[in-house]
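Below you'll find the structure, written out as structure tokens, and then a few comments.
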Amino acid sequence: MSYKRVTIFSGSEVTDETIKALKTKYMPVVRAMGCLEADIIQTGPDSTVMVATYADKAAADAAAEKAAALRAEGQEEFKGNEPTVLEGEVIVTM
């Protein structure tokens, strides 16, 4: 089964500029790290959740250090709170 990393961001307003930066600056880097698919969901005026899919835990682990650096960069750029990261193997899908 695949492996998911869920990142919860908050503390900075989600603007058109934020969305543009996510699409053009951050998502290409996420793809280059081996992420198969990623969705960013706006959950409030100043919060988002990113769900990233990797082939397996080994692929997610291989990207973990770069992903942490990318989160730190985003936190600095958007002046948000420290993100919460949850991850695990997909056990049921439909």
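The values are calculated or read from the model by the stated rules, or taken from the named source; none is laboratory data. Quantities reported herein were computed from a predicted structural model and do not represent experimental measurements. Glycine gets a Cβ as well: all are built from the backbone with ideal geometry, and neighbour counts include every protein chain shown.
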Inset, instruction - Could you please let me know if Val30 is of a type in the set (Val, Ile, Thr), under 17 Å from Tyr3 (Cα atoms), in a helix (DSSP H, G or I) and touching a strand residue (DSSP E or B) at 6+ places or on another chain (Cβ under 9 Å)? - result: yes
Inset, instruction - Output the number of the condition that Met33 fails; it satisfies all remaining conditions of (1) modelled with pLDDT under 95; (2) under 25 Å from Ile91 (Cα atoms); (3) surrounded by 13 or more Cβ atoms within 10 Å (Cβ to Cβ). - result: (1)
Inset, instruction - Within the stretch 1-27, work out how many residues are farther than 30 Å from Ile91 by Cβ and of a type outside the set (A, V, I, L, M). - result: 11
Inset, instruction - Pick out the one residue from Ala52, Ala67, Ala38 that is at pLDDT 95 or above, small (Gly, Ala, Ser) and either exposed (fewer than 13 other Cβ atoms within 10 Å of the Cβ) or in a helix (DSSP H, G or I) (or both). - result: Ala67
Legend entry - Leading residue by the ranking (surrounded by the most Cβ atoms within 10 Å (Cβ to Cβ)) among those in the stretch 1-26 that are outside any helix (DSSP H, G or I) and without any contact (Cβ under 8 Å) to a residue 60 or more places away in the chain: Val14
Legend entry - Selection within the stretch 13-27 - touching a strand residue (DSSP E or B) at 6+ places or on another chain (Cβ under 9 Å) and polar (S, T, N, Q): Thr18
Inset, instruction - Tell me, yes or no, whether the stretch 80-89 has at least one residue that is of a type in the set (Ser, Thr, Tyr), in contact with a strand residue (DSSP E or B) (Cβ under 9 Å, 6 or more places away or on another chain), surrounded by fewer than 18 Cβ atoms within 10 Å (Cβ to Cβ) and within 19 Å of Ser2 (Cα to Cα). - result: no
Legend entry - Within the stretch 76-94, tally of residues that are free of Cβ contacts under 8 Å to residues at least 12 places away in the same chain and either under 26 Å from Val14 (Cα atoms) or in a helix (DSSP H, G or I) (or both): 2
Inset, instruction - Could you check how many residues of the stretch 1-54 are farther than 16 Å from Glu82 by Cα and among the polar types (S, T, N, Q)? - result: 7
Inset, instruction - Select from the stretch 8-38 the residues that are polar (S, T, N, Q) and touching a Gly at 6+ places or on another chain (Cβ under 9 Å) and write down the one among them that is nearest to Ala64 (Cα to Cα). - result: Ser10
